[in-house]
1. What are the pairs, 6+ residues apart or on separate chains, where a residue within region 208-226 that is modelled with pLDDT of 95 or more has its Cβ under 6 Å from a residue that is open to solvent by 30 Å² or more (accessible area, probe 1.4 Å) and of a type in the set (Asp, Glu)?
2. Give the residues of region 108-147 that are basic (Lys, Arg) and outside any helix (DSSP H, G or I), sorted by residue number.
3. Out of everything in region 1-36 that is open to solvent by 40 Å² or more (accessible area, probe 1.4 Å) and within 18 Å of THR97 (Cβ to Cβ), what residue ends up being farthest from the chain's Cα centre (by Cα)?
4. Only one of these conditions is not met by THR287: (1) open to solvent by 60 Å² or more (accessible area, probe 1.4 Å); (2) under 21 Å from HIS181 (Cβ atoms); (3) without any contact (Cβ under 8 Å) to a residue 60 or more places away in the chain; (4) not in a loop (DSSP other than H, G, I, E, B). Which number is it?
5. Name every residue in region 235-279 that is small (Gly, Ala, Ser), in a helix (DSSP H, G or I) and either in contact with a strand residue (DSSP E or B) (Cβ under 8 Å, 6 or more places away or on another chain) or in contact (Cβ under 8 Å) with a residue 40 or more places away in the chain (or both), in order of residue number.
6. May I ask you to list the residues in region 37-64 that are among the β-branched types (Val, Ile, Thr) and within 23 Å of ARG98 (Cα to Cα)?
7. Any residue at all in region 148-171 that is surrounded by 20 or more Cβ atoms within 10 Å (Cβ to Cβ), in a loop (DSSP other than H, G, I, E, B) and not aliphatic (A, V, I, L, M)?
8. So, in region 120-143, how many residues would count as being open to solvent by 20 Å² or more (accessible area, probe 1.4 Å), touching a Ser or Thr at 6+ places or on another chain (Cβ under 8 Å) and within 18 Å of MET31 (Cβ to Cβ)?
Amino acid sequence: CQNHLGQRDLLSKMVKEVASTGAQYCKIQSMKVTDLTFRNRFENGVINKKGEVITIKRPYKQEYERLSPLDLSDDDHKYFIDTCRNNNVLPLTTVFTRNRVEFLSKLDWGHKKIKIASFDCRSKPLLKDLVDAGFDHLIISTGSTFDEEIEETSSFLKDLGCNFTFLHCVSIYPTPLSAGHIKRIDYLRQFTNSVGFSEHSNYETDNLKLSAMALTKNIQWIERHFTSVDKTKTKDGRVSLSKDQLKELVKLTYLPQDRLMEYINKNIDKDQQGLILGSQKRELSKTELLNRDYYHGRFAS
């Protein structure tokens, strides 16, 4: 995410620490604060007569000032790729706007994969731009996305002849165990053989329980936020892993299924395992719907 605080030295440190854990990819986010959009209804938010939040409050000026120091420049992108290469970890990025596609497509990533955030899972113009630009594997999170939208995106990408991965994701930060719905991975597998989990739980309260249960589903990808700074110092700190915590997760991914189940049965009781698995079909929570409302149009195209 943006735990690098827009600082090249910290970004370099993060890449080196990620590489030391055995993780295969290190990913940044390609966004520009100048693309942030002003939308009047989020200035004060909306609360109905029952005291329920209808529209979240996130004033444009405050968000612009928060994001401004966190931008990575075009040169920072090139530096990031070189640093990854020098540390034997693959670079990756998440694209947020159509106007960044051409630039990203010209960088030497060493592959043609790119990540798409949950709130753009249904953004067909962006997806087509990426395919047209030469990206041949789209890794798409599916948080805050309705089933019919996931199905439409699958058909759309298959018609374009593009390989894609669907990542199960719950757009609640942090994600409680009760909202994990790991069985959703089985639902996503009907669209593609490449599936995974983009997780946002709080390690300090829930350890690696969601990730461990997801690994029982024979996933190909798992994504976590990472930080090299104190978790209390950044907005995404509470949903991020430290170096030692990421190393612990990487070790879990290499366990054979019998040893993984030993780990799970030792650390997660049976009732909690069932709670985490949830169901394949689910309704989006109120929190996710509010986040969907805000984040989908957060950046201009």
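The values are calculated or read from the model by the stated rules, or taken from the named source; none is laboratory data. These numbers come from a predicted model, not from an experiment. Positions of Cβ are generated from backbone atoms using ideal geometry, with glycine treated the same way; all protein chains shown enter the neighbour counts. Accessible surface areas use protein heavy atoms only, side chains included; no ligands, DNA or RNA. Shrake-Rupley method; radii C 1.70, N 1.55, O 1.52, S 1.80 Å.
1. HIS225/ASP236
2. Within region 108-147, LYS112, LYS113, LYS115, ARG122 qualify.
3. In this case the residue turns out to be THR34.
4. (3)
5. Within region 235-279, GLY237 is the sole residue that qualifies.
6. THR37
7. Yes, region 148-171 contains a residue that is surrounded by 20 or more Cβ atoms within 10 Å (Cβ to Cβ), in a loop (DSSP other than H, G, I, E, B) and not aliphatic (A, V, I, L, M).
8. Result for region 120-143: 2.
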